[in-house]
Amino acid sequence: AIPAAGINPSNIGFFTPRQALTAYEVGFKQQVSDKLNYSIAVYTMDWENQTFFDLSPTFVAVYLPGDSRTKGVDFEAQLKPTDWFELGTALTYSDVEFTDFGGTGSIAAAVLAPGLAPGVGIDSKGKRPRYIPEWTGSLSGKVELGKLIGYEPGAFVRLDALYQGSFFIDNFEFQKVEGYWKLNARAGVNVNDMFAIELYGNNLTN
């Protein structure tokens, strides 16, 4: 607490210790040719006192700290076989689990353990923190119509497919959101050097 704030911790209660994140990453990038490049990276993270916001069964806000460990791999690649067509892709895998977390006061805890005594939590050690999918990815393609048909000012069409893997919305692996795809599209044309028109649509498959 900032001294000038006039906060006396002994009158308020316990405070969450300061968060500490230790992370290491090693990767490799390569420009294979003027048509292909890619990168791959592996990483590990230890996150101490990661704070989660929850609502108690009486809808009072509580903030709960926990420790987690993450290991993952990131991959990206871009391919441009011609001057008018390019592809891009990305893929991420993450292995995440709590190394220490006791959940109390949340709605999920009230369902899973309705007789939970005050001050007692559900041990989530080994479980996956909420909102973090195991897999995410994307695939995009862009066609430069201007270069393809010889239209000097330029025009293009682009499609992006985005994948979000399944994830939990609580820290007890209780409520799960299934994985899904989204498809976005964008098209544009330059009328001249000073005027352009673009159209786009997001989540076209929903």
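The values are calculated or read from the model by the stated rules, or taken from the named source; none is laboratory data. Computed from a predicted model, the values in this text were never measured in an experiment. Here the Cβ is made from the backbone with ideal geometry for all residues, glycine too, and neighbour counts use every protein chain on show. Heavy atoms of the whole protein, side chains included, go into the accessibility calculation; ligands, DNA and RNA do not. Shrake-Rupley method; radii C 1.70, N 1.55, O 1.52, S 1.80 Å.
Listed values, structure above:
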{"read-out": "Label corresponding to Kirkwood radius over Cα pairs in Å when calculated from the structure given, among (1) 21.2; (2) 17.2; (3) 16.7", "value": "(1)"}
{"read-out": "Full-extension gain in nm, Lys35 to Thr89, via 0.36 nm per residue minus C-alpha separation", "value": "18.0 nm"}
{"read-out": "Accessible solvent surface per residue of the chain, calculated while the other protein chains remain in place, 1.4 angstrom probe, Å²", "value": "66"}
{"read-out": "Whole-Hz couplings from phi, Karplus 6.51/-1.76/1.60, listed for segment 189-205; x for Gly and Pro", "value": "9, 8, 6, 7, 5, 10, 9, 9, 10, 10, 10, 8, x, 10, 6, 5, 8"}
{"read-out": "For a label point 7 Å along the Cα-to-beta-carbon line of Lys182, residues of segment 118-136 with backbone N under 20 Å", "value": "130-136"}
{"read-out": "In Hz, Karplus ³J(HN,Hα) per residue of segment 25-41 (6.51, -1.76, 1.60; θ = phi - 60°; x = Gly, Pro)", "value": "9, 9, x, 9, 10, 8, 9, 5, 7, 6, 10, 9, 9, 8, 8, 9, 9"}
{"read-out": "Euclidean distance of C-alpha centroids, segment 110-126 and segment 189-206, integer Å", "value": "51"}
{"read-out": "Order by protection proxy (mean Cβ within 10 Å, highest first), peptides 68-77, 195-204, 175-184", "value": "68-77, 175-184, 195-204"}
{"read-out": "J(HN,Hα) series, segment 144-155, from Karplus relation 6.51 cos²θ - 1.76 cosθ + 1.60, nearest Hz, glycine and proline x", "value": "7, 4, x, 6, 5, 9, x, 8, 4, x, x, 7"}
{"read-out": "Fraction of accessible area attributable to carbon and sulfur, the chain (%, probe 1.4 Å)", "value": "59"}
{"read-out": "Cα→Cβ-extended label distance, 7 Å offset, between Glu25 and Ile169, nm", "value": "3.0"}
{"read-out": "In segment 77-150, the trypsin sites (Lys or Arg not before Pro) that fall in loop regions by DSSP, at most 15 other Cβ within 10 Å", "value": "Lys125"}
{"read-out": "Signed unit charges on C-beta, dipole axis of segment 37-165, positive-most listed residue Ile107, Phe85, Tyr38", "value": "Ile107"}
{"read-out": "Directionally averaged shadow of segment 72-190, computed from the convex hull of its alpha-carbon atoms, nm²", "value": "9.7"}
